[in-house]
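Enquirer: Encoded as structure tokens, here's the structure I'll be asking about.
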Amino acid sequence: MFLRPALGAATGSALLLLAAPATLAAPAPASAPAAPVAAAPATADANEAVTVHPTGRIAADGTVTLFGTYRCTGGTGPVFVSSSVAQGTSSVRHGIGGTRAVCDGAEHVWQNSGKPSSSTTLRAGVAHVEATLMELRPQGGLPLPHFHAAQRQDVTLTQG
């Protein structure tokens, strides 16, 4: 079951983003496709989903950029789209940024960029990506994670 690794990655990304400025929620650049195609997402509600575009980018410096779409409703706490990537047979997943989400029922584009640790080298080719739409809901004074949707799929990382 992949919720345990997703919980750790999503919670870590969300906590980092809580301290970040609101500019992280800026829309994706025009180069990101408007309607990514993805396998059917795993969702907690039929009206909530996260998709991953089948192509990501990897820059010469190792920065990975992933994108897709999301839709959610009823967020009462801060909501984030987090993403992680692995390559080959490695079970080690690398967090690739996080984006603040708006849960208004409309479809939105997300884009995350990040660079894995210096000891890891990702390359152009097939990569295993997981995107999670997670909310930090206040409960008893503590923000606890609530998963709106998750998607796992293989993507192709291209140089660029």
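Enquirer: Can you name the residue in segment 82-112 that is more than 19 Å from residue 158 (Cβ to Cβ) and of a type in the set (Gly, Ala, Ser) and is also nearest to the chain's Cα centre (by Cα) among such residues?
Expert: Result: 82.
Enquirer: Which of the residues that make up segment 71-95 are more than 28 Å from residue 139 (Cβ to Cβ) and either in contact (Cβ under 8 Å) with a residue 12 or more places away in the chain or touching a Leu at 6+ places or on another chain (Cβ under 9 Å) (or both)?
Expert: Within segment 71-95, 85, 86, 87, 92, 94 meet the criteria.
Enquirer: I would also like to ask the following. In segment 84-121, how many are hydroxyl-bearing (Ser, Thr, Tyr) and touching a helix residue (DSSP H, G or I) at 6+ places or on another chain (Cβ under 8 Å)?
Expert: 2
Enquirer: I would also like to ask the following. Working only within segment 43-81, note down all residues that are more than 19 Å from residue 145 (Cα to Cα), under 13 Å from the mean Cα position of the chain (by Cα) and not hydroxyl-bearing (Ser, Thr, Tyr).
Expert: 52, 53, 56, 64, 66, 67, 68
Enquirer: Then there is this: Cβ-Cβ distance below 9 Å, separation of 6 or more or different chains: which pairs start in segment 48-70 with a residue that is in contact (Cβ under 8 Å) with a residue 60 or more places away in the chain and within 11 Å of residue 159 (Cα to Cα) and end on one that is of a type in the set (D, E, K, R) and assigned to a loop (DSSP other than H, G, I, E, B)?
Expert: Cβ pairs passing all conditions: 58/123; 59/115; 62/115; 64/115.
Enquirer: Turning to a different aspect of this structure: Looking for whichever is on the phi > 0 side of the Ramachandran plot and assigned to a loop (DSSP other than H, G, I, E, B) here; the options are 88, 77, 97. Which one fits?
Expert: Selected residue: 88, the only one of 88, 77, 97 that is on the phi > 0 side of the Ramachandran plot and assigned to a loop (DSSP other than H, G, I, E, B).
Enquirer: Still on this structure, I have one more. Look through 141, 105, 98 and report the one residue that is surrounded by 12 or more Cβ atoms within 10 Å (Cβ to Cβ) and closer than 30 Å to residue 47 by Cβ.
Expert: 98
Enquirer: Residues of segment 115-158 being outside any strand (DSSP E or B) and touching a strand residue (DSSP E or B) at 6+ places or on another chain (Cβ under 9 Å), which ones?
Expert: Selection gives 115, 116, 117, 120, 122, 123, 124.
Enquirer: Could you run through segment 61-86 and say how many residues are of a type in the set (A, V, I, L, M) and in contact with a Cys (Cβ under 7 Å, 6 or more places away or on another chain)?
Expert: Residues in segment 61-86 being of a type in the set (A, V, I, L, M) and in contact with a Cys (Cβ under 7 Å, 6 or more places away or on another chain): 1 in total.
Since every read-out is calculated from the coordinates, none of them should be taken as a lab result. Note that this is a predicted model, so its numbers are computed, not measured. Neighbour counts are summed over all protein chains in view; Cβ atoms, including those assigned to glycine, are modelled from backbone coordinates with ideal geometry.
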